[in-house]
1. Which of the lysines could a cross-linker bridge to LYS87, judged by Cα under 16 Å and excluding same-chain residues fewer than eight apart?
2. For n ≥ 4 DSSP H runs only, could you compute -39500 (n - 2.57) per run for the chain, divide by its residues and tell me the 222 nm figure to the nearest 500?
3. For segment 3-168, what is the relative contact order in percent, using Cα pairs closer than 8 Å and at least 6 residues apart in sequence?
4. Helix 99-118: angle to the longest alpha-carbon principal axis of the chain, degrees 0 to 90, nearest 10?
5. Can you tell me the orientation of helix 3-93 relative to the chain, as the angle in degrees between its alpha-carbon axis and the longest Cα principal axis, to the nearest 10?
6. How big is Rg to Rh over the chain, alpha-carbon atoms, Rh as the Kirkwood inverse-mean-distance radius?
7. I'd like the FRET efficiency for ILE18 and LYS44, computed as 1/(1 + (r/R0)^6) with the beta carbon distance as r and R0 of 30 Å, rounded to 0.05.
8. Using a basic spin-label model with each label point 7 Å from the Cα along Cα→Cβ, how many nm lie between TRP25 and GLN96?
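Where a number appears in this text, it was derived from the coordinates with a stated rule and is not lab data. Computed from a predicted model, the values in this text were never measured in an experiment. Every residue, glycine as well, gets a Cβ built from its backbone with ideal geometry; the counts of neighbours run over all protein chains shown.
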Amino acid sequence: MSFTEEFGRFTVGLINAIRDENIRWQQENLPVLAELEKQRKLSKQEIEQELKRRQIKFKYEMDQLEMEGASKIQDFREFLDAIDKIKNDFRQHFQQMSLPVALSIHQYGKRLLISMWNSNSIHERKKYEQQLFDFLYTVNEDIYLISSRENKDGFYLPEKTLKLIRQSEE
């Protein structure tokens, strides 16, 4: 027999031995392999279920945030409308007041509202909220005082409001 034939038989025998060992190993480990495949499929299903659950939760949270955002935008618009109304009320009740003074009062209120709305910390927000409350209270007080005067002739300005603005800008 030639070297080539012997080498060929050796190679075929080696391949058959490896194949037989592989088959024997698979038969011995078939239950373990089946269990691993079952666990892989279960894990995949669990991951898919968890992903679906999280997607539903995320969508719910996004919907909540959108509703909150829409509500906050509506609140902000209402505040802005109220501050715009203050300018008109001042022009109506304090007819001698110049437009730039009314606009300055209006801008001050608007600045407080925007600062309160855009503040990052609770402490800062509460500070601006209190300043806005003081401003609105003082505005109402000035309008009430001018409305309650019997003699509306004369030169009147919203003194308390102007004083509050001057004090806050010091």
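1. The reachable lysines, counting only those whose Cα sits under 16 Å from LYS87, are LYS110, LYS160.
2. Details: 4 runs with 148 residues, N = 170.
Calculated at 222 nm, the ellipticity per residue is -32000 deg cm²/dmol.
3. Values: 72 pairs, mean separation 28.9, N = 166.
The normalised contact order for segment 3-168 reaches 17 percent.
4. Approximately 30 degrees, to the nearest 10.
5. Long axis of 3-93 versus the principal axis of the chain: about 10 degrees.
6. Working: Rg = 40.2 Å, Rh = 23.5 Å.
Expressed as Rg/Rh, it is 1.71.
7. On the way: r = 32 Å, r/R0 = 1.06.
The value I calculate is 0.40.
8. Calculated label separation equals 10.5 nm.
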